[in-house]
Amino acid sequence: MNFDYIIQISGPMLEGARTTVLLFLIVIALSIPLGFVVTLMAKSALKPLAWMAHSYIYVMRGTPLLLQLLFFCFGLPQIPVIGEYLVLDRFVAASLGFILNYGAYFAEIFRGGLLSIDKGQHEAAKVLGLSKWQTLRKVILAQMFRVALPAVANESISLVKDTALLYAVAVPELLNYAKTAVNRDFTVTPFVVAGVIYLLMTLVLTLFFKALERRFKFE
Amino acid sequence: MNTMIEVKELQKSFGSLEVLKKVSFSVSPGEAVAVIGPSGSGKSTMLRSLVHLEEITGGSIVIQGKPLVENGKYAGASDIRTITASMGMVFQHFNLFPHLTVRGNLELAPRTLKREKVAAIEAKSRDLLAKVGLADKADVYPSMLSGGQKQRVAIARALMLNPDILLFDEPTSALDPELTGEVLRVIRQLADEQMTMIIVTHEMNFARDVADRIIFMDKGEIAESGTPEQIFGSPRLERTRLFLNQG
Ligand SMILES: Nc1ncnc2c1ncn2[C@@H]1O[C@H](COP(=O)(O)OP(=O)(O)OP(=O)(O)O)[C@@H](O)[C@H]1O
Ligand SMILES: [Mg+2]
């Protein structure tokens, strides 16, 4: 492995990594709130709302993410009549697929967090005169996020790696650049560089979530 | 006002299981009532009904002259809130909020309900923590406390809202024996200050010492009630005697 060569390909590859990071940030920023709303819907006393939330979670978790991405990028425009209005920018379409998919996983994680909270917490809050809404905001949510934190960390790290699926819908990103360089230069080095860049990203995330967990240890 | 709590023919069923069968009693201001009885006799259900943690099936509950339920019909939601606000409750398993410090636990409800100034709330939480002997634990999280300390925090938290009535559901049952004393001492002090209290307990010596009146519940009914001397000295019923002797 030649050091100059690594420097030479690192430029374009970091360019590709920018797409990866951008996708990651967009998906995290939107799928966590989405997951949270879906969790509340799933818990709702309004049956149709709860049913919708559960169906959504079931479909998104029960089918391959790759299928969902292909559906949003290449399937939507094929729908009769409305299809022509659904030709989205490839990156936007893929982001949508990721957000909806990860939203479902986050919803399940938060639902588990809610279930783990002892019913004595609700009772204590009620006897102290807090309304249902105040109890949710001040007592339940903080605990739910704390319980969910390790699982959210895991999911985030999965997302970093899943961004490589952009390759399959032909959005240029890190892996795409690596593959191009491998084909062009007849060397395995670009794959190794790509691997190191992914490792750096997951390392940063791991450290970030470790710090969060320490911060919210409640000790 | 001559009664704090007036319960008439309270009935409660869970499905087909009849847990409380026409329970009636009343509590006067400043009175400390201890409720004893075998497991499953309905003590917790009775206590929880008073603060609307259980919805009763029939009968009446009147708190300081205001009906929470009358002949099975509940007051409106906002009346229920005002009426139950005059009561505090201490649970067997403390139910402290783990994500808040001790001070945070005390101040959450008053700060959220905004009926008092923040400075007054802070001063009160400081005073109450001192009163239960935990002034040095204000900034600690509940996970760092012993069971006895947790329960004293729970009592202080209940007192933050100036309740007229305090309800205790087996406040020492989850504690190691050597830690019950510190909690019972706090409750005893409240009794000395004429706090109106109902205490469900298995601590017979404590009940005898502190309570003005003992209620013995069995199978969803008040089997017998009277002064500690009567109940412990010369119980009227065979089943009371049996219950007291096995403990
Ligand atoms: N939510 C519920 N659903 C169904 N049954 C219940 C419920 N809560 C209590 N019960 C039943 O009601 C009866 C009385 O329970 P309760 O908890 O009031 O008894 P207790 O006197 O407090 O007993 P212990 O001394 O064990 O605390 C028991 O048979 C119990 O199984
Ligand atoms: Mg009980």
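Brief remarks on what is shown
- Out of A:74, A:145, sole residue that is in contact (Cβ under 8 Å) with a residue 12 or more places away in the chain, in a helix (DSSP H, G or I) and more than 14 Å from chain B (Cβ to nearest Cβ): A:74
- Residues (surrounded by 14 or more Cβ atoms within 10 Å (Cβ to Cβ) and more than 9 Å from every other protein chain (Cβ to nearest Cβ)) located in segment A:130-142: A:135, A:136, A:140, A:141
- With respect to being more than 16 Å from ligand 2 (Cβ to nearest atom) and either more than 24 Å from residue B:189 (Cα to Cα) or buried (at least 16 other Cβ atoms within 10 Å of the Cβ) (or both), residue B:21 fits the description.
- Listing of strands (runs of 3 or more DSSP E) fully contained in segment B:181-230 that carry 1 or more residues being under 18 Å from residue B:167 (Cα atoms) and among the aromatic types (Phe, Trp, Tyr): B:213-218
- Filter result for residue B:112 (free of Cβ contacts under 8 Å to residues at least 40 places away in the same chain, within 18 Å of the chain's Cα centre (by Cα) and at the interface with chain A (Cβ under 9 Å from one of its Cβ atoms)): no
- Among all positions in segment A:107-121, there is at least one residue which is assigned to a helix (DSSP H, G or I), closer than 21 Å to residue A:213 by Cβ and basic (Lys, Arg).
- Among residues of segment B:24-50 that are touching a residue at least 12 places away in the same chain (Cβ under 8 Å), those with a Cβ under 8 angstrom from a residue that is near ligand 2 (Cβ under 8 Å from one of its atoms) and part of a loop (DSSP other than H, G, I, E, B), sequence gap 6+ or separate chain, pair up as B:44/B:170.
- For segment B:232-247, the set of residues classified as touching a helix residue (DSSP H, G or I) at 6+ places or on another chain (Cβ under 9 Å) and in contact (Cβ under 8 Å) with a residue 24 or more places away in the chain consists of B:232, B:240, B:244, B:247, listed by residue number.
- Unmet criterion (only one of (1) out of contact with any helix residue (DSSP H, G or I) (no Cβ under 9 Å at 6 or more places or on another chain); (2) in a strand (DSSP E or B)) for residue B:61: (1)
A short reminder: the numbers here are calculations on the coordinates, not readings from a lab. Just so it is clear, the structure is predicted and the values come from calculations on it, not from any experiment. Positions of Cβ are generated from backbone atoms using ideal geometry, with glycine treated the same way; all protein chains shown enter the neighbour counts.
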